[in-house]
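One structure is given below, encoded as structure tokens.
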Amino acid sequence: MLKLNRIHHIAIICSDYEQSKRFYTEILGFTVLREIYREERKSYKLDLEVNGLYQIELFSFPGPPPRPSRPEALGLRHLAFEVSNLEEAIFHLSEYDVVTEPIRVDETTGKRFTFFTDPDGLPLELYEA
């Protein structure tokens, strides 16, 4: 049996690199590990971490095709981030005009959560620990 240690990273392709870089660093609080511009691909690659763990690779490519991103579309459903205080996190997002859905409760765990989107409409979730 294959033994996986953990998820290493999640790769996201964005349509507006500077806008997405600002969203993930200034609004969500990810830290930049490294930023590389690859001339041959006309593409940025931004490695981001949270709490010392490598988490997201943010890419820019010229003219990427659109992809359905509603939570029930085939493929990746959403990315979920754990927070300690859901109201504080929602308030923080609202200060940047990021709209969240009403708080819901997970029927299985009893934990509270909400959804919002990144600048390209990628569904993101805040899940209270």
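Could you tell me whether residue 56 is surrounded by fewer than 17 Cβ atoms within 10 Å (Cβ to Cβ) and either β-branched (Val, Ile, Thr) or in contact with a helix residue (DSSP H, G or I) (Cβ under 6 Å, 6 or more places away or on another chain) (or both)? No; evaluated as a whole, the condition is false for this residue.
Select from segment 112-129 the residues that are among the hydrophobic types (A, V, I, L, M, F, W, C) and not in a loop (DSSP other than H, G, I, E, B) and write down the one among them that is nearest to the chain's Cα centre (by Cα).
Initially, segment 112-129 is screened for residues among the hydrophobic types (A, V, I, L, M, F, W, C), giving 113, 115-116, 122, 124, 126, 129.
Imposing the further condition that a residue be not in a loop (DSSP other than H, G, I, E, B) reduces the set to 113, 115-116, 124, 126.
On the way: 113: 15, 115: 11, 116: 10, 124: 6, 126: 10 Å.
Within segment 112-129, the match that is nearest to the chain's Cα centre (by Cα) is 124.
Taken across segment 93-111, residues that are in a strand (DSSP E or B), in contact with a helix residue (DSSP H, G or I) (Cβ under 6 Å, 6 or more places away or on another chain) and farther than 15 Å from residue 9 by Cα do not occur at all.
Evaluate the following for residue 117: is it among the hydroxyl-bearing types (Ser, Thr, Tyr) and over 21 Å from residue 6 (Cβ atoms)?
On the way: among the hydroxyl-bearing types (Ser, Thr, Tyr): yes; over 21 Å from residue 6 (Cβ atoms): yes.
Yes, satisfied.
Which residue out of 95, 49, 18, 87 is of a type in the set (Asp, Glu), in the same structural domain as residue 123 (by TED's automatic domain parsing), surrounded by 10 or more Cβ atoms within 10 Å (Cβ to Cβ) and free of Cβ contacts under 8 Å to residues at least 40 places away in the same chain? Before you say what the answer is, go through the steps one by one.
On the way: 95 fails: surrounded by 10 or more Cβ atoms within 10 Å (Cβ to Cβ); 49 fails: in the same structural domain as residue 123 (by TED's automatic domain parsing); 18 fails: in the same structural domain as residue 123 (by TED's automatic domain parsing).
Just a single option satisfies the conditions, and that option is 87.
Evaluate the following for residue 90: is it in a strand (DSSP E or B) and under 14 Å from residue 124 (Cα atoms)? So that I can check it myself, show each step before the final result.
Details: in a strand (DSSP E or B): no; under 14 Å from residue 124 (Cα atoms): yes.
So residue 90 fails the test.
The values are calculated or read from the model by the stated rules, or taken from the named source; none is laboratory data. Just so it is clear, the model here is predicted, and its values are computed rather than measured. In this analysis, Cβ positions are derived from the backbone assuming ideal geometry, glycine residues included, and neighbour counts consider all displayed protein chains.
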